[in-house]
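Structure first, then comments.
Readers should treat all values here as calculations from the given coordinates under stated rules, not as data from a laboratory. Given the structure is predicted, the values throughout are model-derived calculations rather than measurements. Positions of Cβ are generated from backbone atoms using ideal geometry, with glycine treated the same way; all protein chains shown enter the neighbour counts.
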Amino acid sequence: MPFEFKKMEIPDVILVTPRVFEDDRGYFMETYKASEFKANGIEEDFVQDNQSFSKRNVIRGLHFQKKPHAQGKLVRCLQGSIWDVAVDLRENSATYKKWAAAELTSDNKQMLYIPPGFAHGFATLSDTAIISYKCTAEYCKDADSGIRWNDPEISIAWPVEEPILSQKDFDANKG
Ligand SMILES: Cc1cn([C@H]2C[C@H](O)[C@@H](COP(=O)(O)OP(=O)(O)O[C@H]3O[C@@H](C)C(=O)[C@@H](O)[C@H]3O)O2)c(=O)[nH]c1=O
């Protein structure tokens, strides 16, 4: 099996560990394969790929797109390390407003699958980090939405105390 798929505490959130082939030149790994992912619960098609670079203590999130533009995301860290969080916003879900997190690093090469209907955010743990993520729906500016990173009801145990935020994320849910 080229990948290991592990359900998180919220079972629709899946931690994917790729098989890494190392040799004298370096390494090779597959990072996505439709047949394997679809057979292991990640059935959506991906239609957009994104990359971002962040400095230490940056938090981006919590972001989601409103229906009908909801995005599933497959996140991995190309350089450095991040703490990646998924928040269940599906109102009829047993894990509504619960969160699940994983440390994704360029060393562990793991990926986190966050289904449509979730908010997503991450904190940068290393001096710098580059992440890449695949999305199941295209970016739609008008559907773009967010919840404040430290929303008291969700109460995420972030590993960063005084994050660097975008103005948009700082202003989220200000009423
Ligand atoms: C997300 C996105 C942004 N943009 C533009 C809008 C804006 O001018 C600039 C920066 O956007 P943002 O500040 O929203 O970038 P960022 O804070 O990195 O937003 C991302 O955060 C992570 C946590 C996610 O889950 C992503 O879906 C996305 O929401 O890039 C696009 O053109 N396409 C896109 O897909």
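Some notes on this structure:
- Overall form of region 3-171 per C-alpha gyration tensor (a/c, 1.5; a/b vs b/c): oblate
- For the peptides 133-142, 117-126, the ranking by packing is 117-126, 133-142, with the highest mean count of neighbouring Cβ atoms within 10 Å listed first.
- Using a simple spin-label model with pseudo-atoms 7 Å out from Cα toward Cβ, Asp171 and Ser126 lie 3.3 nm apart.
- Taking amide hydrogens as placed 1.01 Å from N in the peptide plane, the amide H of Gln79 sits under 5 Å from those of Ile130, each at least 5 positions away in sequence or on another chain.
- Remark: region 72-81, residue by residue, has Karplus-estimated 3J(HN,Hα) of x, 9, 10, 10, 9, 9, 8, 9, x, 8 Hz, where x stands for each Gly or Pro and the curve is 6.51 cos²θ - 1.76 cosθ + 1.60 at θ = phi - 60°.
- The charge dipole of region 3-171, taken about its Cα centre with unit charges on the Cβ atoms of Lys, Arg (+1), Asp and Glu (-1) only, comes to about 180 debye.
- The value of relative contact order for the chain, using C-alpha pairs under 8 Å at least six residues apart, is 29 percent.
- Along region 51-66 the Karplus relation, 6.51 cos²θ - 1.76 cosθ + 1.60 evaluated at θ = phi - 60°, assigns HN-Hα couplings of 9, 9, 10, 9, 8, 3, 6, 6, 10, 10, x, 8, 10, 7, 10, 5 Hz to successive residues, with x for each Gly and Pro.
- Inter-probe distance in nm under a simple model that places probes 7 Å from Cα toward Cβ, at Lys66 and Ala39: 4.1 nm
- Counted residue by residue at 0.36 nm each, then reduced by the alpha carbon distance between them, the extension gain from Lys97 to Val47 reaches 15.3 nm.
- Close amide H pairs (under 5 Å, H built 1.01 Å from N) link Arg90 with Lys97, residues at least 5 positions away or on another chain.
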